[in-house]
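Data block below; observations after.
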Amino acid sequence: MLSRRLFAAGAGATAGAPAILAAAAPVQSPPEWTIDRIQRAKVLRIAALPGEAPYFNKDIATGEWSGMCIEMAKDIAGVFDAKVDYVESTYGNSVLDLQANKIDLAFSLNPTPKRALVIDFTHAFYLHGFGMVGAKGFHASNWGELNKPEVRVAVDIGSVHEIAARRFAPNATIIGLKARDDCILAVQSGRADCVILAVNLGLTAVKKNPALGEFQMLHQPRVQLPTCMGVRMEADKRWRDFLDAWVDYNRGIQQIREWLYGGLAINGVKPEDVPADVEF
């Protein structure tokens, strides 16, 4: 009889052990993927960058946002019957904001290898070409014409403009300055012959500063970087895959070009101001 009681006690203790262990370890709920959160909350959170027209422009008086990427965000949100939530950021911080789950989408990022280690990228929604804005009377159509010691080229330090200039015009006298505005002032003041700028920035600079010469695309080689949207790196790829399809469709019907022209118009740039050799 004693042995039966001991056996029963032992069996009961053994059967109860798994329940005790299960209670000690909290059950981990599966993560809510970005696309599921947008569908549930009906809110699309994006990084919004003040002063970065044609992509972003914030009206100081009204607080209203406009620009190419704002229109893109509204169209994407509309697919989910969602509203857009604007989180003010910068290009660099938008990558961190994605990682911290503060935003769902970052716009107008170049997919550098280092960035690709920490976030995912969509298909390119357009190709960002590079050219130069010269002083009045200064002309150049290819990198070789800049690649001379007597040509003074202004670049903003640490930018893709500087990388391109040092790679394709290494013999030029390259003047590194802190900001793009400093580079433009250097050309206006005669300290530099030209400034290397991406197409949108160059066209805007000329429109804002009539004292400058014209924007000219640079060829041989033609430098173009893909411009993409950035998303959080997730095991579930439905959000990125949806955006890839959205990009391909809207590029195909030329809608993205229309949004780009609308963004350029914020600074007075018209379609006819865009040189014929510029491709978006």
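Maximal additional length on extending the Lys102-Asn267 stretch stands at 56.4 nm, based on 0.36 nm per residue less the C-alpha distance.
The calculated FRET efficiency for the pair Asp75 and His139, based on their C-beta separation and a Förster distance of 35 Å, comes to about 0.35. In this view, the solvent-accessible surface of Glu32, computed with a 1.4 Å probe and all protein chains in place, comes to about 90 Å². A dipole drawn for the chain from +1 and -1 charges on Cβ atoms has a positive end, and of Ser66, Gly137, Pro113 the residue lying farthest that way is Pro113. The spacing between segment 204-250 and segment 169-195, judged by their C-alpha centroids, is 24 Å.
Accessible surface comparison of Tyr249, Tyr261, probe 1.4 Å, protein chains only, largest first: the order is Tyr249, Tyr261.
Between the residues Ala82, Gly252, Val223, the greatest Cα displacement towards the positive end of the dipole of the chain, with unit charges on the Cβ of Lys, Arg, Asp and Glu, is found for Ala82. The long axis of helix 238-252 is offset from the longest Cα principal axis of the chain by roughly 30 degrees. With a Förster radius of 45 Å applied to the C-beta separation of Asp241 and Asn147, the computed FRET efficiency comes to 0.60.
Can you give the relative contact order of the chain as a percent, counting alpha carbon pairs under 8 Å and 6+ residues apart?
Over the chain, the number comes to 24 percent.
Listed peptides 200-210, 45-55, 114-124, 214-224 appear in the order 45-55, 200-210, 214-224, 114-124 once ranked by packing, highest mean of other Cβ atoms within 10 Å at the front.
The GNM of the chain, with springs linking C-alpha atoms under 10 angstrom apart, assigns the highest mean-square fluctuation among Gly129, Gly230, Gly137 to Gly137. As a fraction of the 1.4 Å probe accessible area of segment 57-97, surface on carbon and sulfur atoms comes out at 49 percent. Placing dummy labels 7 Å off each Cα toward the beta-carbon, the span from Glu279 to Thr90 is 3.4 nm. Partner lysines whose Cα lies under 17 Å from the Cα of Lys42, excluding those fewer than 8 positions away in the same chain, are identified as Lys74, Lys83, Lys102.
Using just the helices of the chain, give the 222 nm mean residue ellipticity in deg cm²/dmol: DSSP H runs with n ≥ 4 each add -39,500 (n - 2.57), and the total is spread over all residues, rounded to 500.
Taken over the chain, the calculation gives -12000 deg cm²/dmol.
The values are calculated or read from the model by the stated rules, or taken from the named source; none is laboratory data. This structure is a prediction, so every number in the text was calculated from the model and none was measured. All Cβ positions, glycine included, derive from the backbone under ideal geometry; neighbour counts span all protein chains shown. Quick note on the areas: whole protein, heavy atoms, side chains included, nothing else; ligands and nucleic acids left out. Shrake-Rupley method; radii C 1.70, N 1.55, O 1.52, S 1.80 Å.
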